[in-house]
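See structure below.
The values are calculated or read from the model by the stated rules, or taken from the named source; none is laboratory data. It should be emphasised that the depicted structure is a prediction, and the values quoted were computed from it without experimental measurement. Cβ atoms come from the backbone with ideal geometry, glycine included; neighbour counts cover every protein chain shown.
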Amino acid sequence: MAKRTIVAMPGDGIGKVVLEQSIRLLNAAGFDADYVHADVGWECWCKEGNPLPQRTIDLLEKHKIGLFGAITSKPKDKAAAELAPELQNKGLVYYSPIVTMRQYFKMDICMRPCKTFKGNPLNFIRRTADGNFSEPMIDTMVFRQNTEGLYGGIEWNNAPDQVWDAMMTHKKFVDNFSMHPRNEVFISTRVLTKKYSERILRAAFDYAKKRGFKGITVCEKPNVIRETSGMILKLAQDIAKKDYPDLAVWDTNIDAQMMWLTKNPEDYNVIVATNMFADILSDGFAGLIGGLGFASSAQFGESGVAVFEPTHGSAPKYADYETPIVNPIAMFLSACQMLEYLGENDIAQKIEAAIAKVVEKGKVRTYDMMKMTGSPEVVKKGAASTIEMTDAVIAEL
């Protein structure tokens, strides 16, 4: 097999250090690849007016596989204010580069695993009826429809005539919103298509079948969002009846599901949801397994381009510490998802087993695992640095 080239996109803040340490871990585990740097993120926006430059798109089109660190995103006004002076007042609008990347390359399928590591002091525990405690072992994969829904980017303020006129054809809009001045009405859309809803559902069914799970849970809100949520639930039921008769389809409402996360999280192995609901769900589940320091993701689709990233942000307040303190495990697990996607299952399993050993032994813990507030002093107080955590995982390989 030819040596692979991976597009390495550090992005902003802590993305740079966790990606660097992940590449070091991949090399130590025996994954033979070249890494080509690609620019993305806030610095590109400020200097060029584009957080996802064409040169980065070209690299992804050529090499197909990307490892992504983290990005900084800010509200519209702050984004405009931080543009280079020569780029201001030219109509440039900031859009999240990772969202743009997903839509450009049609990476519609996103997989976000949430899995308990034994011995993690941050694992969720609950009180039992006899007054003791139990620690449920969570093994959940959230399938997130990645390109549609509320993150589709179709929004207006002071909508143009054709949009306003279209909205005025709906009685609920006329009754509840038409009396307001148009420039005081803000519109976001939630658009789903049958094609991409079916793709995410089939990916979830296939995963459940492969893992030997009994079914999937569709987590939406069809009792209120009747057209879009109703469509994806009905579609799941039809697909199961036709092609997956041995798998059940359960459905939960997003609000009730968030309550049930702390009642019986071990009962949910495969959950499918649209873009925003799955984003909320995966963060909720991440909180049960140790937080965003353990939350990874994979995204891929019809174009053949796949990008793997932790779901945490760029944490700019930690980015310039002389000794980096952030937990790199989410980035490590994202790299494992990349390896699995590439068929390098043995290396992926070896890295995940090494992570599990480090967590269970408990001798090396980053500040979050020690329940400390992040600061430069945490290392002096016994917390492992980002590099020391990487060293520990490499030592267990």
Exercise for the section: Filter the range 179-207 for residues that are without any contact (Cβ under 8 Å) to a residue 60 or more places away in the chain and among the β-branched types (Val, Ile, Thr) and give the result. Expected result: Val185, Ile187, Thr189, Val191, Thr193
Exercise for the section: Tell me which of these Lys172 doesn't satisfy, since it passes every other one: (1) touching a residue at least 40 places away in the same chain (Cβ under 8 Å); (2) surrounded by fewer than 11 Cβ atoms within 10 Å (Cβ to Cβ); (3) among the basic types (Lys, Arg). Expected result: (1)
Exercise for the section: Could you identify the single residue in Lys234, Lys221 that is out of contact with any strand residue (DSSP E or B) (no Cβ under 9 Å at 6 or more places or on another chain) and over 28 Å from Asn123 (Cβ atoms)? Expected result: Lys234
Fill in the blank from the handout: Subset of the range 385-397, residues among the hydrophobic types (A, V, I, L, M, F, W, C) and within 24 Å of the chain's Cα centre (by Cα), comes to Ile387, Met389, Val393
Exercise for the section: Could you check the range 135-237 for helices (runs of 4 or more DSSP H) lying wholly inside it with 3 or more residues that are small (Gly, Ala, Ser)? Expected result: 194-211
Exercise for the section: Select from the range 10-57 the residues that are under 25 Å from Asp320 (Cβ atoms) and in contact with an Asp or Glu (Cβ under 8 Å, 6 or more places away or on another chain) and list them in ascending order. Expected result: Pro10, Asp12, Gly41, Trp42, Glu43, Trp45, Cys46, Pro53, Thr56
Practice task
For the range 273-384, please list each of the helices (runs of 4 or more DSSP H) lying entirely inside it that holds at least 2 residues being modelled with pLDDT of 95 or more and either surrounded by 24 or more Cβ atoms within 10 Å (Cβ to Cβ) or over 18 Å from the mean Cα position of the chain (by Cα) (or both).
Solution key: 275-289, 329-341, 345-361
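Collect the residues in the range 96-154 that are over 30 Å from Gly66 (Cβ atoms) and among the hydroxyl-bearing types (Ser, Thr, Tyr), keeping them in residue-number order.
The answer is Thr128, Ser134.
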Exercise for the section: Out of the residues in the range 14-48 that are assigned to a helix (DSSP H, G or I) and aliphatic (A, V, I, L, M), state the one that is surrounded by the fewest Cβ atoms within 10 Å (Cβ to Cβ). Expected result: Ala28
Handout entry: Residues of the range 138-155 satisfying the condition of being of a type in the set (A, V, I, L, M, F, W, C) and under 27 Å from Glu266 (Cα atoms)
Key = Ile138, Met141, Val142, Phe143
Practice task
Select from the range 149-174 the residues that are at pLDDT 95 or above and in contact with a Phe, Trp or Tyr (Cβ under 6 Å, 6 or more places away or on another chain) and write down the one among them that is farthest from Thr100 (Cα to Cα).
Solution key: Met167
Exercise for the section: May I ask you to verify whether Phe177 is aromatic (Phe, Trp, Tyr), more than 26 Å from Gln103 (Cα to Cα) and surrounded by 14 or more Cβ atoms within 10 Å (Cβ to Cβ)? Expected result: yes
